[in-house]
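Let me begin by presenting the structure, written as structure tokens, before commenting on it.
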Amino acid sequence: MSLTLQASSASSIVAPSRVESDRLNAFVKTYYARLWRVLRRLGVPLHSTEDVAQEVLLVLARRLPSVKEGAEWAFAFSTSRRVIADARRRQRVRPSFVPASIESQEAVPGCSSLSDLDERDLLDHLLDGLPEVQRELIVLVELEGLTAWEAAACLSIPEGTVASRLRRARAALEAAAHDMRAQLEKKE
């Protein structure tokens, strides 16, 4: 996937240099799927994911000259957190906004069956119950496979803090899954 900036949608963006354009295209090619998955796992509704990803990429494009080479993913993740927070604030102002449900598995990259959707919905439900800090760590480390050091860079916290918070996050997720299993067994 290649990113093309439209002058009408980003009037404050100066045309990137060839090096910056190549760097941005390399980021999109390497990290777009991860960005999309992380946005979904952090609670962005399916129908808004492309828009939020585009907003993150526009910020990255605008700020790319000041982003240290090799730190693009950490910058994009940090930007994602702010964009999601802004979207949640806007959603509270407009309560009529209701996230669309998943209509087909083709809409979800990497989803090959309806049972995958059920598992994704279940995971989303469990993640929704976690505090934001724990949710972010589970998404980055457990779902996206980042190392503790990489997660620490994304979250701008010490690696030791990642380890202790991740232990609590895993315990909270396991407890939530246990509670859900118990509820489902009661229904059967």
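Here, each number is a calculation from the coordinates, and none is a lab measurement. No experiment lies behind these values; they were computed from the predicted model shown. Cβ: placed from backbone, ideal geometry, glycine included. Neighbour counts: every protein chain shown.
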Please list, in order along segment 43-48, the HN-Hα scalar couplings obtained from phi with the Karplus expression 6.51 cos²θ - 1.76 cosθ + 1.60 (θ = phi - 60°), rounded to whole Hz, x for Gly and Pro. x, 6, x, 3, 5, 9
Using θ = phi - 60° and the Karplus curve 6.51 cos²θ - 1.76 cosθ + 1.60, what whole-Hz ³J(HN,Hα) does each residue of segment 130-139 get, with Gly and Pro shown as x? 8, x, 3, 4, 5, 4, 4, 5, 4, 4
Which whole-Hz ³J(HN,Hα) couplings does segment 77-82 yield from phi under the Karplus relation 6.51 cos²θ - 1.76 cosθ + 1.60, θ = phi - 60°, glycine and proline marked x? 5, 4, 5, 4, 4, 5
What's the extension gain from ARG90 to HIS125 if we count 0.36 nm per residue and subtract their Cα-Cα distance? 10.4 nm
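Using mean Cβ contacts within 10 Å as the protection proxy, how do 173-179, 138-144, 25-31 order, highest first?
Details: 173-179: 13.4, 138-144: 19.6, 25-31: 15.3.
So the order, starting with the most tightly packed, is 138-144, 25-31, 173-179.
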Quantify how much of the Cα-Cα distance distribution of segment 113-188 extends past 22 Å, in percent. 30
Multiplying the sequence separation of GLU20 and LYS187 by 0.36 nm and subtracting their Cα-Cα distance, what value in nm do you get? 54.5 nm
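Which value in Å is the Kirkwood Rh of segment 12-97 over different Cα pairs? Don't skip to the answer; put the middle values down first.
Values: mean 1/r = 0.0739 Å⁻¹.
After inverting the pairwise mean of 1/r, the radius is 13.5 Å.
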Lys and Arg at +1, Asp and Glu at -1: neighbours of LEU155 with Cβ under 14 Å from its Cβ sum to -1
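All other residues with a Cβ under 13 Å from the Cβ of ALA61 taken together, and with Lys, Arg as +1 and Asp, Glu as -1, what is their net charge? List each step's numbers first, then the result.
Details: positive: ARG23, ARG62, ARG63; negative: GLU20, ASP22, GLU55, GLU72.
That works out to -1.
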Suppose every Lys and Arg Cβ carries +1 and every Asp and Glu Cβ carries -1, with no other charges. What dipole size does segment 12-97 come out with about its Cα centre, to the nearest 20 debye? 420
